[in-house]
Every structure is written in C-alpha cells, then in structure tokens.
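Here the structure is laid out as structure tokens; the discussion comes afterwards.
Please treat every number below as a calculation from the coordinates, not as lab data. Treat the numbers as computed from the prediction; the structure is a model and nothing was measured. Note that each Cβ is placed from the backbone with ideal geometry, even for glycine, and that neighbours are counted across all protein chains shown.
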Amino acid sequence: MSDDQAQNPFAPPRASVDDAETPEAGMIAAGRGARFGAMIIDVLPYGVIGIVAAIALPAYMSFIHRRGVSAGDGGGVAVLGGLAVLAIVAFAAYSMILVYRYGQTFGKRMMGIRVVRMDGSRVTLARFIFLRYLPLGLAGMIPYIGSLVGLVDSLLIFRDSSRCLHDDIADTQVVTAASAPHATLAGSRGAHLRTISF
C-alpha cells in the first residue's frame, strides 16, 4: 500500500510508469551552417552546368562564324542545349534517388544531415516532391509574391525550431543523420518504389 493510500483509503491506486522512449527524443537538429552548406553543394552542379553552357555557346557561335557557316544553322546550339538539359535532368534524378533511399539530397548527404518527419520517421518521396518542394516552387513562379515567399521561407530558419516554411508545410525537420539512422528506405518496413503515400 502506498503512502497516499495509507493516509487516504479512498485515494485511487497509483503506479509509477517510466515513459516509453519516443523516436524524436534522441534526434539532434541540424545546425544552420550545415543546412546552408548542403544547399550550396546542391545548387553548385546546376551552376557549373550553366557556366559551362554559357561559355560553350558563344565559343561555338564564334567557331561557326569563323568557318563561314550560317548562324541560322542551329544544330550545334540544339545539341549544346540538349546536353545541358540532359545533365540537369540526370543530376536531379540522382538527387531524387538519394532522397528516396536516404531522405537526403547530395548536399545533405555530404553534410551528414537528413530530413525526417516530426515524429522521426522517414519522409516519403511523394511528400518531398509534392509538399516540401512543389508548393514553394509554384509560389516562386508568381511575380513579386514568389520572391517574398522565398525570402520568408529562408528567414524562418532563424526561429528557435530552425524550421523553414517548406518544413512547416511538409511536417518535416532537418536533423543530423547520425541521430536518425533508421529514417531511410532500409529502415522502413514494407517500403518499396511504388509507394506513393504521404
């Protein structure tokens, strides 16, 4: 008999129960520097592709002008443009594979951080695309408003939670990969490529 029951025989019974450990209890939020570094790494390949295309196109135009070929022959320009688009699509596909398997883009993988749900579970590819990236991507296409939304999204990282607007929309957070090792495809039971769940 507990002390409360000894003092009051009509007191309800009480039990001491340890709280069950939750997945989010051991997660460590990623630092702002790591997130910024990951973003720089992620956009760098696209910038390199753009710079190469910007250098190659004038060089090609100068070359065909010296050879006396009409600039109206756009075959080479189309090939250069096609190669640039192909390179961008290939890198985007590679990034999506990393996101699907590990919850990380290439930059996040390099910086050792991972995107997870607020409860610590894996973020599905559908949630990454349709909730984390697409809404703000579409908003970014609206003149003036898009720039404001992008600015607000970036500045919200300075809140105590360090979550951006896209995190709020998708119910996600960025944590260190080591603190959420099971939030990957390998750690998700029953997950497969055809899963379109949110």
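Observations on the structure shown:
- With kT/(6 pi eta Rh) evaluated at 20 °C and eta = 1.002 mPa s, and Rh the Kirkwood radius from Cα pairs, segment 29-179 diffuses with a coefficient of 122 µm²/s according to Stokes-Einstein.
- Computed from the Cβ-Cβ distance with R0 of 22 Å, the FRET efficiency linking residue 28 to residue 186 stands at 0.60.
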